[in-house]
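K.L.:
I'd like to ask some things about the structure below.
The values are calculated or read from the model by the stated rules, or taken from the named source; none is laboratory data. Just so you know, these numbers come straight off a predicted model, no measurement behind them. Heads up, the Cβs are rebuilt from the backbone with ideal geometry, glycines too, and the neighbour counts pull from every protein chain shown. The protein model used for the area step is the full one, side chains on, heavy atoms only, and it has no ligands, DNA or RNA in it. Shrake-Rupley method; radii C 1.70, N 1.55, O 1.52, S 1.80 Å.
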Amino acid sequence: MRIDLAPLKAAEKQYWLQHLVAPRPICFASTIDAAGNVNLSPFSFFNLFSSNPPIVIFSPARRVRDNTTKHTLQNVQEVPEVVINIVTYDMVQQASLASCEYGKDVDEFVKSGFTKQPASLVRPPMVQEAKAKLECRVLEIKSLGAEGGAGQLVICEVLCVHVDDALLDENGKIDQRKLELVARLGGDWYCRVGADNLFTVPKPNTQLGIGIDALPDSIRHSKILTGNHLGMLANVHEQPVVQPQFEDDHLKNIVQYYSLNPDEMEAEMHRHAAQLLDAGKVEAAWQVLLSVV
């Protein structure tokens, strides 16, 4: 299926893009206007774009429905400051409630049941219940258009960060498993980042991976090993060699039962290597595969 975006209506473009460009972190922005009226609203067009200087950008886009602008955008145009409160699973329903299009004179803190907490460097209040907050100065607002759905990029410098001590490990660093972030997908869909669906992918910072093109042909063209498996094998900085001391009972059984059928033996070894890779045992998987290369 090929979809040309140019002839589509704004809502149709939004549909395809929001479902495919996901998950998106949520900017739960608290802002204030020149008269002191506070606004609180979530935006999923949001991300980190620089660490030095520390820059985040969110986009309170013009409404697709009627091309009006949001109170958040109007506020940062008047008072160029914002607190970005990080949305976690325990507050996602309340944060969604704050997205209702209440009138300018309605306080979303009250409607969504959150507590105002004074910020230390900016005028908008923080959400006390949020486990992490970013106090920001708005550096620039860049409009991407004047039609419904056009992004209005709010470029923010992060001045300070507030982090709940309960999120930290014994070294004073964030324990990713404790944060339980949520993110937006398409339509009404969200996703929850919990300990049961987190995984790590080692990335060499000082040494280059050998690359999939450097894998032996029998491994690279395996009908059993997946692209993820090959990526793990190719992420070593030099190709391993056979280790005579390597012991693996299952490998011995494969050799014993399939010694008369080399093709079946290779297939069984690849299945065994795949299981080892799924368990994160890259070195052992290499040794199993090298036994038939």
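K.L.:
What percent does the relative contact order of segment 1-88 come to when contacts are Cα pairs within less than 8 Å and at least six residues apart?
P.N.:
Details: 120 pairs, mean separation 27.5, N = 88.
Rounded, it is 31 percent for segment 1-88.
K.L.:
Leu144 to Asp165: FRET efficiency via 1/(1 + (r/R0)^6), r the Cβ-Cβ distance, R0 51 Å, to the nearest 0.05?
P.N.:
Details: r = 39 Å, r/R0 = 0.77.
Computed FRET efficiency for Leu144 and Asp165: 0.85.
K.L.:
Averaging sequence separations of C-alpha pairs under 8 Å and six or more residues apart, then dividing by the length of segment 214-279, give the relative contact order as a whole percent. Walk me through the intermediate numbers first.
P.N.:
On the way: 27 pairs, mean separation 28.0, N = 66.
About 42 percent, as a whole number.
K.L.:
Go through the chain and flag any cysteine with no other cysteine's C-beta closer than 4.7 Å, please.
P.N.:
Isolated Cys, the chain: Cys27, Cys100, Cys160, Cys191.
K.L.:
Beyond 28 Å between alpha-carbons counts as too far, so tell me which of Lys13/Lys173; Lys203/Lys223; Lys178/Lys281; Lys9/Lys131 fall in that bin.
P.N.:
Working: Lys13/Lys173 40 Å; Lys203/Lys223 26 Å; Lys178/Lys281 26 Å; Lys9/Lys131 39 Å.
Table pairs above 28 Å Cα-Cα are Lys13/Lys173; Lys9/Lys131.
K.L.:
Let me ask another. Output the peptides 95-103, 34-42 sorted from most to least packed, where packing is the average of other Cβ atoms within 10 Å over each peptide's residues.
P.N.:
Details: 95-103: 15.8, 34-42: 17.8.
Top of the packing list down: 34-42, 95-103.
K.L.:
Continuing with the same structure: Working only with C-alpha atoms, what are the Rg and Dmax values of segment 119-225, expressed in angstrom?
P.N.:
Rg, Dmax (Cα atoms, Å): 21.4, 63.
K.L.:
Could you order the peptides 17-29, 125-137 from most to least packed, using the average number of other C-beta atoms within 10 Å per residue?
P.N.:
On the way: 17-29: 18.6, 125-137: 20.9.
Packing proxy ranking, top to bottom: 125-137, 17-29.
K.L.:
Would you mind calculating the gained length between Asn37 and Thr69 on full extension (0.36 nm times residue separation, minus the Cα-Cα distance), in nm to one decimal? Could you put the intermediate results ahead of the total?
P.N.:
Numbers: separation 32, 0.36 × 32 = 11.52 nm, distance 1.65 nm.
Full extension of this stretch gives 9.9 nm more.
K.L.:
I've got another one for you. Give the Debye-formula value of log10 I(q)/I(0) at each listed q (0.11, 0.19, 0.22, 0.25 Å⁻¹), with one equal scatterer per alpha carbon of segment 192-279, two decimals each.
P.N.:
One equal scatterer on each Cα of segment 192-279 leads to -0.40, -1.03, -1.22, -1.34.
K.L.:
Need the full-extension length gain, Val110 to Trp16, defined as separation in residues times 0.36 nm minus the C-alpha distance. One decimal, nm. Mind dumping the intermediate values first?
P.N.:
On the way: separation 94, 0.36 × 94 = 33.84 nm, distance 3.39 nm.
Answer, rounded to one decimal: 30.5 nm.
K.L.:
With the convex hull built on the Cα atoms of segment 93-139, state its orientation-averaged projected area in nm². Can you show the working numbers first?
P.N.:
Numbers: hull surface 16.2 nm².
Seen from a random direction, the Cα hull of segment 93-139 projects 4.0 nm² on average.
K.L.:
To the nearest 10 degrees, how steeply does helix 249-258 sit against the main Cα axis of the chain, on a 0 to 90 scale?
P.N.:
Roughly 60 degrees between the two axes.
K.L.:
Report, to the nearest whole %, how much of the accessible area of segment 192-290 belongs to carbon and sulfur atoms, 1.4 Å probe, protein only. Write down the numbers at each step before the final one.
P.N.:
Numbers: 3470 of 6720 Å².
It is 52 percent, rounded to a whole number.
K.L.:
Find the all-direction average of the projected area of the Cα convex hull for segment 120-183, expressing the result in square nanometres with one decimal place. Don't skip to the end; give the middle numbers.
P.N.:
Numbers: hull surface 25.4 nm².
Taking the Cα atoms of segment 120-183, their convex hull projects to 6.4 nm² on average.
K.L.:
Ignoring ligands, DNA and RNA, please state the percent of accessible area on segment 61-173 from carbon and sulfur, probe 1.4 Å. Please report the intermediate quantities before stating the final value.
P.N.:
Numbers: 2760 of 5730 Å².
That fraction is 48 percent.
K.L.:
Efficiency by 1/(1 + (r/R0)^6): what FRET value for Ile224 and Ala195, r their Cβ-Cβ distance, R0 = 30 Å, to the nearest 0.05? Provide the component values of the computation, followed by the final result.
P.N.:
Numbers: r = 30 Å, r/R0 = 1.00.
Efficiency at R0 = 30 Å is approximately 0.50.
K.L.:
Using only the Cα atoms of segment 50-150, build the gyration tensor, take square roots of its eigenvalues as a ≥ b ≥ c, and label the shape rounded, prolate or oblate: rounded if a/c is under 1.5, else prolate if a/b is larger than b/c, else oblate.
P.N.:
Working: a/c = 1.67, a/b = 1.14, b/c = 1.47.
It comes out oblate by the Cα gyration axes.
K.L.:
Now for a separate question. Determine the gain in length on full extension of the stretch Tyr89-Asp188; use 0.36 nm per residue of separation and subtract their C-alpha separation, reporting nm with one decimal.
P.N.:
Values: separation 99, 0.36 × 99 = 35.64 nm, distance 1.50 nm.
Using 0.36 nm per residue and subtracting the Cα-Cα distance, I get 34.1 nm.
K.L.:
While we're on this one: Stick to the Cα atoms of segment 236-293, pair each with every other, and give me the Kirkwood hydrodynamic radius in Å at one decimal.
P.N.:
Final number for the Kirkwood radius of segment 236-293 is 11.6 Å.
K.L.:
May I ask you to derive the relative contact order of segment 45-115, considering only C-alpha pairs under 8 Å and at least 6 residues apart, and to give it as an integer percent? Before the final figure, lay out the partial values.
P.N.:
Details: 43 pairs, mean separation 11.0, N = 71.
Value for segment 45-115: 16 percent.
K.L.:
Across 10 Å bins from the origin, how do the percents of Cα pairs in segment 204-246 run, short distances first?
P.N.:
27, 49, 23, 0
K.L.:
For segment 79-152 and segment 1-54, what is the centre-to-centre distance using only Cα atoms, to the nearest Å?
P.N.:
13 Å
K.L.:
Averaged per residue, what accessible surface does segment 245-293 expose to a 1.4 Å probe, in Å²?
P.N.:
61 Å²
K.L.:
Computed from the coordinates I sent, semi-axes √(5λ) of the Cα gyration tensor in Å equals one of [x] 25, 24, 20; [y] 50, 23, 17; [z] 30, 21, 20. Tell me the label.
P.N.:
[y]
K.L.:
Follow-up question, since we're still on this one. Express the accessible area of segment 35-157 per residue in Å², computed with a 1.4 Å probe while the remaining protein chains stay in the model. List each step's numbers first, then the result.
P.N.:
Values: 5800 Å² over 123 residues.
In whole numbers, segment 35-157 has 47 Å² accessible per residue.
K.L.:
Can you compute the charge dipole magnitude of segment 55-141 about its Cα centre, using +1 on each Lys and Arg Cβ and -1 on each Asp and Glu Cβ, nothing else charged? Give it in debye, rounded to the nearest 20.
P.N.:
Computed about the Cα centre, the dipole is about 100 debye.
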